[in-house]
Amino acid sequence: MSGLSAAGMSAGSLRAHAGFDNALGVDLGGTKTEAIVLAADGTVRDRWRVPSPVGDYAATVRLIRDLAEGAARVFGGIGSVGVGIPGAIAPATGLVQNANSTWLIGHPFAADLAEALGRPVALANDADCFALSEASDGAGEGAASVWGIILGTGVGSGIVVRGRLLGGPNAIAGEWGHNPLPWPADDERPGPPCYCGKHGCIETFLSGPGLAADHRRATGQTLDAAEIAERAAAGDAAARASLDRHAERLARATASVINILDPETIVLGGGLSNLPHLYDALPKLWPRWVFAPAVATRLAPPKHGDSSGVRGAAWLGRIGTLHPE
């Protein structure tokens, strides 16, 4: 954090960067909100983090308004505003749906932000923002089609085709985590219960908590994903087996989408994207399930790491909201 701050975001020498080419991106999380000001060439002019007003919808709208107004003062103007949320805007109603930040659900968040800021605000799911970031100037730059996957507390994804986010009439493009694990083994049926009310969703196997739960079922040990990876690196055979099961399931789950979308590049994000063995294991496993004699799909870690989501929100503001293809 430099020129902008949670306390007041005072102006000063940063006014030298003034210009409406700047885009504000906001990544609204369950506990923290991150924001950046992004120049037209992808340079980050400034970034900052503030606590999210958990449980308070009106305060959330005010927070984003205050961030936008403060950024405009510091930089002499902001050309666009984009916001990533852990949910989606239902096209039929304009209301937030499927949000982990439950205090947003059922509210016309996009309309309320536009009214509070006095300007259009582009909104998208945080996984869509991740995918757009990596397709714009990240690991998928230059690819005709990019599938960005989030493997973290949950599992989600976004799809970018020829530089544009793929949308749809239900605002659920990329909700891959709530499909069943493909080609399940007998001991994977019916699968763990999911908060969505079903069993065996991809998310229940491939998220960080899903990996931890699988390891606990196999060993009786309660470890998180990072601890499992540490033990595997130290030679723990049970931990290694848990990572191998996870990689094999991830290969199946991604292969089923490759068979439909045939993306040029897949970029992994979220905490589990830091597991280095995935980038070697998945391309070797894919030929078992991908319906092609050879798999040319490229798999890559995120170029922008944890900052990809908020960068994608800024890029989203430049191009507008989701564009169905």
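Nothing in this text is a laboratory measurement; each read-out follows from the coordinates by a stated rule. Quick caveat, the model's predicted, so the values are computed rather than measured. Note that we place each Cβ from the backbone using ideal geometry, even for glycine, and neighbour counts take in every protein chain shown.
Both numbers refer to the Cα atoms of region 13-126; Rg and Dmax are 13.8, 46 Å. Would you look at the GNM of the chain, springs on alpha carbons closer than 10 Å, and say which of LEU282, LEU268, LEU151 moves the most? Of the options given, LEU282 has the highest mean-square fluctuation. Taking a Cβ cut-off of under 12 Å around ARG252, the surrounding Lys, Arg, Asp and Glu residues balance to a net charge of +1, with basic ones at +1 and acidic ones at -1. In a shell of Cβ-Cβ distance under 10 Å around ALA71, excluding ALA71 itself, what net charge do Lys and Arg (+1) and Asp and Glu (-1) give? With Lys, Arg at +1 and Asp, Glu at -1, the net is -1.
At q = 0.10, 0.14, 0.15 Å⁻¹, what is the log10 ratio I(q)/I(0) for region 139-302, with the Debye formula run over Cα points and no solvent? Reported log10 I(q)/I(0), two decimals: -0.35, -0.70, -0.81. Loop-located trypsin sites (Lys or Arg not before Pro) in region 174-236 (DSSP state not H, G, I, E or B) with no more than 15 neighbouring Cβ atoms inside 10 Å: LYS198. Using helices alone, I'd like the mean residue ellipticity at 222 nm for the chain: each DSSP H run of four-plus residues gives -39500 (n - 2.57), total over residue count, nearest 500. Helix contribution divided over all residues of the chain: -10500 deg cm²/dmol. All other residues whose Cβ lies under 15 angstrom from that of TRP183 are scored, Lys and Arg at +1 and Asp and Glu at -1, for a net of +1.
Relative contact order of the chain: what whole-number percent is it, with Cα pairs under 8 angstrom and at least 6 residues apart? Computed over the chain, the figure is 21 percent.
If R0 is taken as 35 Å, the Cβ-Cβ distance between ASP137 and ALA241 corresponds to a FRET efficiency of 0.35. Normalising the average separation of contacting C-alpha pairs (under 8 angstrom, six or more residues apart) by the number of residues puts the relative contact order of region 172-303 at 19 percent.
The mean of 1/r over all pairs of different alpha-carbon atoms in the chain, once inverted, gives a Kirkwood hydrodynamic radius of 20.4 Å. With 0.36 nm allotted per residue and the present C-alpha distance subtracted, the ALA114-ARG162 stretch has 14.5 nm of extension available. The alpha carbon centroids of region 240-272 and region 199-221 are separated by 15 Å. Measuring nothing but how far apart in sequence close Cα pairs (under 8 Å, 6+ apart) lie, relative to its length, region 31-133 scores a relative contact order of 23 percent. Comparing mean-square fluctuations of ILE172, ILE85, ILE159 from a GNM of the chain with C-alpha springs under 10 Å, the top value falls on ILE172. The GNM of the chain, with springs linking C-alpha atoms under 10 angstrom apart, assigns the highest mean-square fluctuation among ALA212, ALA92, ALA241 to ALA92.
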